[in-house]
1. How would Phe74, Phe422 line up by accessible area, probe 1.4 Å, largest first?
2. Can you give me the Rg/Rh ratio for the chain, using Cα atoms for both radii and the Kirkwood formula for Rh?
3. For the residue pair Phe422 and Glu101, what label-to-label distance in nm results when each label sits 7 Å from Cα along the Cα-to-beta-carbon direction?
4. Whenever you get a sec, compute what percent of the accessible area on the chain sits on carbon and sulfur atoms (1.4 Å probe).
5. With charges only on Cβ, +1 for K and R and -1 for D and E, what is the dipole size of the chain about its Cα centre, in debye, rounded to 20?
6. With a Förster radius of 45 Å, plug the Cβ-Cβ distance of Arg361 and Asp43 into 1/(1 + (r/R0)^6) and report the FRET value to the nearest 0.05.
7. Quick check: residue separation of Arg322 and Ala238 times 0.36 nm, minus the Cα distance between them. What number comes out in nm?
8. What's the center-to-center distance, using Cα atoms, between region 384-424 and region 289-365 in Å?
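The values are calculated or read from the model by the stated rules, or taken from the named source; none is laboratory data. Remember, predicted model here, so these are calculated numbers, not experimental data. All Cβ positions, glycine included, derive from the backbone under ideal geometry; neighbour counts span all protein chains shown. Accessible surface areas use protein heavy atoms only, side chains included; no ligands, DNA or RNA. Shrake-Rupley method; radii C 1.70, N 1.55, O 1.52, S 1.80 Å.
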Amino acid sequence: MTLCLRMNKKTIDFITLGCSKNLVDSERLMGLFEANGYHVAHDSDDPHGEIVVINTCGFIEDAKQESIDTILEFAQAKTDGKIERLYVMGCLSERYLADLEAEIPEVDGWYGKFNYKELLNTIGTIGTIDTITHPAPRKLTTPCHYAYIKISEGCDRHCAYCAIPIITGKHQSRPMGEILEEVRALVAQGTKEFQIIAQELTYYGVDIDGKQQIAELIEKMADIEGVEWIRLHYAYPAHFPWELLRVMREKKNVCKYLDIALQHISDHMLSRMQRHVTKKETYELIKRMREEVPGIHLRTTLMVGFPGETEEDYQELLDFTRWARFERMGAFAYSEEDGTYSAKHYQDDVPADVKQARLDRLMRIQQNISAEIEAAKIGQILRVVIDRLEGDWFVGRSEFCSPEVDPEVLISARESLTIGAFYDVRVTDAEEFDIYATTII
């Protein structure tokens, strides 16, 4: 469909908060506006566009507060005459639309998680967009050599603490052909590395024909010429698709890296959290992953202070962390979320100071593990991609490192390297969160 272009181009500043899945939504909307004659900018240090669009996060309390603070900041900028119009989209407005409209009248329009493309017509574009037969073009906000690929939206798991199903609804897989075509289009533009993301990627395809299709999708993606790296995020431990490990082991461009949130290990906590997996199954899962994919780097997320967590439960979690030796691990203290099962049925009975003490101790253990794992890489040869030049260092990543969240590889700026290119390097030193290396000539 051909859309009319505006003769008087305006600049729209996009502010994206929250996760990489939000970032993909922003990139799609930015691409549509740019295709229709607008100038677009993203997360500018000093937003100067006539119009600002804020893509919000509504997942946990800290993220919600950041979103509200950002909206209020730009509402004041509009009052002061620094911007003309302000629009809000994303998870926060999907979840709290009525309250937000009443509390912040300076916002010109509120859009949720799924209707944000209506902004095209609201702001003044002529025509309608058929986003099914005409998928939105994307304007990458990442360095052009890597991109995030969202393969589904929503989640059917309904863990007791999680608000994601409330916000995003049931799991909806994107058609496989559409995903593969998006990858081919990005490869043609110079993208080499793909971060595969979803609220729950191992469920991919179940809503289509009742079968997990993630292994088939990744294998087909790996066969696309020009795809250098594929990295997998946000798997679920119950009913794990074992065929995915074969693909990871056999396809050299599928990184030996898996992000799989486990949350806890004690059967008491896993049952109360409604995780549909047991302690024994979790231990067997980690053991099998390491056996079938030697060298795999596992990233996980753990939670402390869930309602009813005893000292015994917590000690089991510490023991598990010491045993599993996760290469990457994040943790957080439970906070009650409106509308979730735990908010309705459990009392938030672990004191805040106990939660914080448990979190601090867990992270100290993990920091020591991380430091030991990175130190063991000294002398090894790694393939890295260069993301940027920062001061005296080229900053890159190995296949074991996802952008923004994992350790980076630092190489002296005295070497002559190219952003977006791959190099073999030898590790010369390591710290908890950074590796130092030199290129192999």
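1. Highest to lowest solvent-accessible surface, that is Phe422, Phe74.
2. 0.96
3. 5.0 nm
4. Ligands and nucleic acids excluded, carbon and sulfur reach 50 percent.
5. 1260 debye
6. 0.80
7. 28.1 nm
8. Spelled out, the Cα-based centre of one part sits 31 Å from the other.
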